[in-house]
Amino acid sequence: MVKIINRRNSIVYLVNKNYVIKKYNYKFSIHEEIQQYNKLTELVSNHSIFNIPRIYYSNEKYNFFRFEYIDGSRLDKIFNNSKIIILEKLKEEFLRFFARSADKGYQFDLDPSNLIMKNIGYIYIIDPICEKIDIEHHSIIVFTFGLIKLYLKNIYKINPVKFFRIWNSYYDGYIQYRNLKASELNNEMEIYIDKVIYWNTFENFNSSIFNGIIRKLIYVPIYIIIKYIFKYNLLGL
């Protein structure tokens with residue numbers, strides 16, 4: 001058994017090319033994750049690009065479950081100038097899915113690192129569980145903030161003009177799609193960033209002391225700046 005991902009609340013092991021094992025270590029439970037997958041099953045049943053891995057076995061006593069291995073690439077791992085255009089092509093599908101999630105009042109962790117692309121055009125949601133936040137348009141907020149984080153980590157690989165055009169096509173596109181005011185979505189983004197700042201400042205992670213220092217001294221100040229960009233609508237949305 002080989003450990004492949006050490007995430008904030010869980011560890012994922014690759015068993016073979018058919019399935020993986022995921023074990024939670026604190027905060028969330030397998031029961032909660034299965035509930036999230038049940039909600040997702042409802043949303044993806046008639047959706048053309050979104051899917052979820054099959055769950056083969058779950059054990060709530062030891063807080064782990066076994067699910068389908070998805071042979072693809074996480075969106076955060078293909079984030080460069082040549083691949084970012086894929087997001088442009090899939091925008092309408094994403095916006096529809098975000099809107100359906102909001103209509104149902106469902107909240108999933110749709111950060112790009114939790115989305116796997118298989119055979120260009122098929123998106124698998126692999127880690128949907130998240131802490132509930134009092135915002136209505138959770139999916140678009142988490143996804144677009146995730147894109148900002150990815151850009152900051154790949155700032156030398158991505159053309160900023162190209163990135164902002166695509167990012168804005170999602171953020172502003174959702175505002176138009178849902179007939180919202182920009183201030184409504186900006187306010188929810190502020191609330192979400194406050195939670196991200198809290199998580200990175202006070203919560204324990206499955207990572208080294210060095211990474212914890214990086215989060216607090218570098219990421220948190222950047223997130224505070226981003227928060228005020230939305231607060232004062234400096235993007236001109």
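So which pairs qualify, if the first residue must be in segment 1-25 and of a type in the set (Ser, Thr, Tyr), the second must be modelled with pLDDT under 70 and not in a strand (DSSP E or B), the Cβ gap must be under 6 Å, and the two must be at least 6 apart or on different chains?
Note: pairs meeting the criteria are Tyr13/Met1.
Taking Ile175 as the residue in question, decide whether it is surrounded by 14 or more Cβ atoms within 10 Å (Cβ to Cβ), at pLDDT 95 or above, part of a helix (DSSP H, G or I) and of a type outside the set (Gly, Ala, Ser). So that I can check it myself, show each step before the final result.
Details: surrounded by 14 or more Cβ atoms within 10 Å (Cβ to Cβ): yes; at pLDDT 95 or above: yes; part of a helix (DSSP H, G or I): yes; of a type outside the set (Gly, Ala, Ser): yes.
When the stated conditions are applied, Ile175 passes them.
Tally the residues that are part of a strand (DSSP E or B), in contact (Cβ under 8 Å) with a residue 12 or more places away in the chain and of a type in the set (Ser, Thr, Tyr), restricting the search to segment 53-83.
Final tally of qualifying residues: 3.
Go through (1) more than 19 Å from Asn46 (Cβ to Cβ); (2) touching an Asp or Glu at 6+ places or on another chain (Cβ under 7 Å); (3) modelled with pLDDT of 90 or more for Ala102 and report which single condition fails.
For Ala102, the failing item is (1).
Could you check segment 126-171 and list, in sequence order, the residues that are in a helix (DSSP H, G or I) and among the aromatic types (Phe, Trp, Tyr)?
The answer is Phe143, Phe145, Tyr151, Phe163, Phe164, Trp167, Tyr170, Tyr171.
For residues in segment 1-29 being charged (D, E, K, R) and out of contact with any Ser or Thr (no Cβ under 7 Å at 6 or more places or on another chain), which is modelled with the highest pLDDT?
Applying the filter and picking the extreme gives Lys17.
For Phe98, only one of the following conditions fails: (1) part of a helix (DSSP H, G or I); (2) over 20 Å from Ile148 (Cβ atoms); (3) in contact (Cβ under 8 Å) with a residue 40 or more places away in the chain; (4) hydrophobic (A, V, I, L, M, F, W, C). What is its number?
Condition not satisfied by Phe98: (2).
The values are calculated or read from the model by the stated rules, or taken from the named source; none is laboratory data. Since the model is a prediction, treat every value here as computed from it, not as a measurement. Ideal geometry is used to build each Cβ from the backbone, glycine not excepted, and the neighbour counts take in all protein chains shown.
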